[in-house]
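Structure, as structure tokens:
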């Protein structure tokens, strides 16, 4: 049982990788005597199988013979985006569309790429053109809804989603996008209903094997065992772990299924009899439930979120270990500030939420403090900059699991992080934490707030515009400078929201 990837929040529904209708180009032959269309069919199959190098090579062969082949340019652009070069993808798709206008799928891909590269006006224009050309395409409508969320036009976003679901009632990604909008708006009752559709998305279906126990509906099982599964990302597991004790009170025994990295932190929660990180180790059980379904089963409303913190705790022996280590490693008598600036690279939204350490350099000059890296993994590009932050070294190899990271946090005065599991962990431990939130924000941070009903000790610093970190970092730097000028014990107090 591995650390599960989260359902695709704020992530485009990828239109089918296509090398569309027959080319208007002369019937030139590609390598091996095949036509360009035959070659591109092979490239399309390779791209769909995630053999991106092969797909790109085939496109290059076609373009070497027919330099302005629109379908080859379009497919090459899609492959470029799928291999982390969306800016090149935008250029290639624009060129393909200029040569052959009228393909809805190309506009949909272009719209998605313009969105993730923050060309929002172009994204809206391309998205609307994809709908004009193919008005009954639910995928394109869902993608357009994400762009409208980015520009704060949720009325149009909801209209797109309702239209998409009217066309395809079972569109799981559309239901999930609707859930994220409803939850962000604080409409929890319909939001949790729609949120259950995440389990039927392609990402959601991969989080659990075929289960032979009953799905749990919240009923009491006084003589049976309940399996609770951490089915999404690390942050989600931490956020929803607050419900484990409530679930445990309704059954004889709880077995927790979660990643090996999360187990040492969660295995001692009240009501947990054992935890397993491999499916083959899970014992027989009467019913199972995803942790992320517990807010739905327990009818959580904005005013009934369980907010007793801390609800997680680190091992006292590990806390003592890090206390002793920091006493020798860090300058004495200074406030200790933990930093985390990038998330898990494989997260579908990581491009939006992460920043290079260079962007945080103003924090090093905000006042006299000692800094501790919470970064795992440590980006190689950032290693040369660690020395710019007083006392900071790379301890990623020592952060073996979330229990170890929790012990580190218990020795810090403040955690400053982008929107990753580090923010959830600090909040669940009741530690003061400042979280830098990208726009569009994940649903759990609601709209416009600087505080969080999920984590009373958290303070949120939000982007005003997608991709624009400068103002956020200026606000965080100013807040840290003010905090470091405050009395020596100020950092130990819970952080009140503005």
(message) With the structure loaded, tell me whether residue 403 is at pLDDT 95 or above and under 24 Å from residue 302 (Cβ atoms) or whether it fails that test.
(response) no
(request) For residue 360, indicate whether it is at pLDDT 95 or above and not in a helix (DSSP H, G or I). (result) no
(request) From (1) in contact (Cβ under 8 Å) with a residue 60 or more places away in the chain; (2) farther than 20 Å from residue 319 by Cα, pick out the condition that doesn't hold for residue 404. (result) (2)
(request) Would you confirm whether any residue within the range 30-46 is exposed (fewer than 15 other Cβ atoms within 10 Å of the Cβ) and under 24 Å from residue 125 (Cβ atoms)? (result) no
(request) Only residues that are at pLDDT below 95 and either over 30 Å from residue 465 (Cα atoms) or touching a helix residue (DSSP H, G or I) at 6+ places or on another chain (Cβ under 7 Å) (or both): list them for the range 334-355, please. (result) 343, 344, 351
(message) Can you pull out every residue in the range 399-422 that is touching a helix residue (DSSP H, G or I) at 6+ places or on another chain (Cβ under 7 Å) and in a helix (DSSP H, G or I)?
(response) 402, 403, 404, 405, 406, 407, 408, 409, 421
(request) Return a yes/no flag: does the range 202-218 have any residue that is more than 26 Å from residue 318 (Cβ to Cβ), out of contact with any strand residue (DSSP E or B) (no Cβ under 8 Å at 6 or more places or on another chain), at pLDDT below 95 and crowded, with 22+ Cβ neighbours inside 10 Å. (result) yes
(request) Please tell me if residue 165 is in contact with a helix residue (DSSP H, G or I) (Cβ under 6 Å, 6 or more places away or on another chain), free of Cβ contacts under 8 Å to residues at least 60 places away in the same chain and surrounded by 22 or more Cβ atoms within 10 Å (Cβ to Cβ). (result) no
(message) Condition first: surrounded by 17 or more Cβ atoms within 10 Å (Cβ to Cβ), more than 20 Å from residue 405 (Cβ to Cβ), outside the structural domain of residue 229 (by TED's automatic domain parsing) and over 29 Å from the mean Cα position of the chain (by Cα). Can you find one or more residues in the range 336-350 that meet it?
(response) no
(message) Can you report the number of residues in the range 426-446 which are more than 17 Å from the chain's Cα centre (by Cα) and assigned to a loop (DSSP other than H, G, I, E, B)?
(response) 4
(request) Consider residue 476 carefully, then state whether it is outside any loop (DSSP other than H, G, I, E, B) and either touching a residue at least 60 places away in the same chain (Cβ under 8 Å) or surrounded by fewer than 19 Cβ atoms within 10 Å (Cβ to Cβ) (or both). (result) yes
(message) Which of the numbered conditions does residue 300 fail, given that it passes all the others? Conditions: (1) outside any loop (DSSP other than H, G, I, E, B); (2) buried (at least 16 other Cβ atoms within 10 Å of the Cβ); (3) modelled with pLDDT of 95 or more.
(response) (1)
(request) Return only the number of the condition from (1) modelled with pLDDT under 95; (2) in a helix (DSSP H, G or I); (3) surrounded by fewer than 21 Cβ atoms within 10 Å (Cβ to Cβ) that residue 246 does not satisfy. (result) (1)
(request) Only helices (runs of 4 or more DSSP H) wholly contained in the range 24-143 count here; list those with 3 or more residues that are under 30 Å from residue 469 (Cα atoms). (result) 70-82, 86-99, 104-116, 120-133
(message) Looking at the structure I just gave you, is residue 284 at positive phi, outside any strand (DSSP E or B) and out of contact with any helix residue (DSSP H, G or I) (no Cβ under 8 Å at 6 or more places or on another chain)?
(response) no
(request) From (1) touching a helix residue (DSSP H, G or I) at 6+ places or on another chain (Cβ under 7 Å); (2) not in a loop (DSSP other than H, G, I, E, B), pick out the condition that doesn't hold for residue 274. (result) (1)
(request) Give the residues of the range 364-378 that are surrounded by 15 or more Cβ atoms within 10 Å (Cβ to Cβ) and either over 25 Å from the mean Cα position of the chain (by Cα) or in a loop (DSSP other than H, G, I, E, B) (or both), sorted by residue number. (result) 364, 366, 367, 369, 370, 371, 374, 375, 376, 378
(message) residue 269 - would you say it is surrounded by 13 or more Cβ atoms within 10 Å (Cβ to Cβ) and over 24 Å from residue 206 (Cα atoms)?
(response) yes
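The values are calculated or read from the model by the stated rules, or taken from the named source; none is laboratory data. Treat the numbers as computed from the prediction; the structure is a model and nothing was measured. No Cβ is skipped: glycine too gets one built from the backbone with ideal geometry, and neighbour counts run over all protein chains shown.
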